[in-house]
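All remarks here apply to the structure that follows.
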Amino acid sequence: MLIMRADEQAEAAFAEIDFEQVMDAMGRFNGELIDAGVLVAAEGLDDAADGVVVDYSGETPVVTDGPYGEAKELFGGYWILDVASKEEAAEWAKRAPLAGPGMKAEIRRVTSIDEFPADNEWIRKERAWREATGQL
């Protein structure tokens, strides 16, 4: 998974770019991923200020509006790729559009249900749900 992160400086810089230019750059990159047969999913995320944060620090979870004030980098979107290695994912990340100061891509492997104990009741239920919905 390529997780796109931007700090406040990058967010401000991209606010100045014409939306059609952004869509064109993302469309070309997504097209390359599709043509290479590696794209599984890709989504952008709404403005963090319009979201909520659920904080589990206390005994009872607390919900507050927007991101934590101390958040230095916010997730802006992601791509899920089906590639052979972390190195291949990094090569794709290097080609992502809209790179610049304050922008980063975090690369994380998405685990498979097959990596969890098959004899676990909850894993069996999830596997059955995935099979019933065509996800497996």
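The values are calculated or read from the model by the stated rules, or taken from the named source; none is laboratory data. Note that the coordinates shown come from a computational prediction; the quantities given were computed from them, not determined experimentally. In this analysis, Cβ positions are derived from the backbone assuming ideal geometry, glycine residues included, and neighbour counts consider all displayed protein chains. Just so you know, the surface numbers come from the protein's heavy atoms only, side chains and all, with ligands and any DNA or RNA stripped out. Shrake-Rupley method; radii C 1.70, N 1.55, O 1.52, S 1.80 Å.
Please tell me the relative contact order of the chain in percent, rounded to the nearest whole number, where contacts are Cα pairs under 8 Å and at least six residues apart.
39
Could you tally up the Lys pairs in the chain with alpha carbons closer than 18 Å? Skip any pair fewer than 8 positions apart unless they're on separate chains.
On the way: K72/K104; K86/K94; K86/K104; K94/K104.
Number of lysine pairs found: 4.
Computed on alpha carbon atoms, what radius of gyration and Dmax characterise segment 53-134, expressed in Å?
Final numbers for Rg and Dmax: 18.1, 47 Å.
What part of the accessible area of the chain, given as a whole %, is carbon or sulfur when the probe is 1.4 angstrom?
53
Could you do me a favour and compute the accessible area per residue for segment 23-136, 1.4 Å probe, result in Å²?
About 73 Å² of surface per residue is accessible.
Take the alpha carbon atoms of segment 47-62, find their center, do the same for segment 6-30, and report the distance between the two centers in whole angstrom.
Computed from Cα coordinates, the inter-centre distance equals 27 Å.
Loop-only check: which GluC sites (Glu not before Pro) in segment 38-136 are DSSP coil with at most 10 other Cβ within 10 angstrom?
E59, E70
Sort 95-104, 13-22 by packing, meaning the average of other beta carbons within 10 Å per residue, with the highest value first.
By packing density, highest mean first, the sequence is 95-104, 13-22.
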